[in-house]
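For reference, the structure discussed in these notes is given below.
Nothing in this text is a laboratory measurement; each read-out follows from the coordinates by a stated rule. On a predicted model such as this, the values are computed, not experimentally measured, just so you know. With ideal geometry, Cβ positions are generated from the backbone for all residues, glycine too; neighbour counts draw on all protein chains shown.
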Amino acid sequence: MSDWTHVGDSLGIHNLCLYDKLNLPLRENSLFACCQYGGPLAIGLAYTTPNSWAIGIYMQNGAQIASIEASGVYRLFWSKCQKLIIVSSNGRVLIYNALGVHLVAFNMGDETLAVGLAEAAAFCYVNETGLAVISEAKHIFGVNSVNSRVLWRIQNHQRESIQSLSCWTVLTSAVKPTRVLLCHKNKFQLGVQEASIHPC
C-alpha cells in the first residue's frame, strides 16, 4: 500500500508516477509545463540574446518532439486538449499543438499589449481551458476558452488593492460567470467577469 496516500480515515489517493528518470534540459531559469494527467512536457530556455526563448516539447519518455522559438516568454501552460499555450510578457498568446505546429495567435487586450502583464493563470472548465491575466496597470482580462476567444474584463476601481497580491486564482462554474479570487495578506476580494471587484 506504499503507492497510496491516506487522507483522513476513508479516503485514499493513488500515487501514480507519470514521468520517471527523464534527462530533460532543465536549468534554474527554465519555464516548465506538463499536461494534465500526463502527456507532453514543455520546457522554455532563455537564450543569451534578450527576450529570445527556445521552447522544447518532449514526450513522456523524454524524447524531444518539437522546438519552438518565441520572444518575451512569461509563462507556459497546456490546455485540456493538449495545446501548448505560450504567454508573452506583453500579453500576446501563441497556441501550438503537441507536435509544435502553430495554430493561432491572439492578445489579452490592447491595454495589456501597451503596458505588459504582471500575472497570468490558466484555468479549466469541463471541456475548455481559459486564460486570465493581470496587466501592469492592475486590470484583469480573460478568455474562457483559448479555442474560441471572447475577451472579457473585470472592472477594478481600486487598483492599489492588487499592487501587492499574496496570491490569486480563477474560479469557474457551469452556471455562474468566471470569478477571480484575490488575496492580499488576510484580505480577500472577488472579481466577477464583466463586473467589478468587491471585498469577500
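What ranking do SER88, SER10 get, fewest neighbouring Cβ atoms within 10 angstrom at the top? Intermediate values should be presented prior to the final figure.
Details: SER88 24, SER10 6.
Fewest to most other Cβ atoms nearby, the residues stand as SER10, SER88.
Counting other C-beta atoms within 10 Å, which of MET59, MET108 has the fewest, and how do the rest follow?
On the way: MET59 13, MET108 27.
Fewest to most other Cβ atoms nearby, the residues stand as MET59, MET108.
If you average the sequence gap of Cα pairs under 8 Å that are 6 or more apart and divide by the length of segment 36-160, what percent do you get for the contact order?
14 percent
Could you tell me which label, among [x] 163; [y] 145; [z] 220, carries the value of volume of the Cα convex hull per residue in Å³ calculated for this structure?
[x]
Give the separation of the Cα centroids, segment 73-99 to segment 123-200, in Å.
Centre-to-centre (Cα) distance: 19 Å.
Nearest 20 debye, what's the magnitude of the dipole of the chain about its Cα centre given +1 on Lys and Arg Cβ and -1 on Asp and Glu Cβ? Walk me through the numbers on the way to the answer.
Numbers: 14 positive and 12 negative charges, 53 e Å.
It works out to roughly 260 debye.
Can you give the FRET efficiency to the nearest 0.05 for VAL126 and ASN51, using r as the Cβ-Cβ distance and R₀ = 30 Å?
On the way: r = 36 Å, r/R0 = 1.21.
That gives a FRET efficiency of 0.25.
Restricting to DSSP loop positions (anything but H, G, I, E, B) with no more than 14 other Cβ atoms inside 10 Å of their own Cβ, which trypsin sites (Lys or Arg not before Pro) remain in segment 15-107? Don't skip to the end; give the middle numbers.
Working: sites: LYS21, ARG27, ARG75, LYS80, LYS83, ARG92; in loops: LYS21, ARG27, LYS80, LYS83.
Answer by residue number: LYS21, ARG27.
Run the simple label-point estimate for LEU24 and TYR37 please: 7 Å along Cα→C-beta, distance reported in nm.
2.0 nm
Using a cut-off of 22 Å between alpha-carbon atoms, which lysines can reach LYS176, once sequence neighbours fewer than 8 places away in the same chain are excluded?
Within reach: LYS80.
Taking the Cα centre of segment 126-200 as the origin and placing charges on Cβ (Lys, Arg +1; Asp, Glu -1), which of THR169, GLN189, LEU151 is farthest toward the positive end of the dipole?
Result: GLN189, furthest along the dipole toward the positive end.
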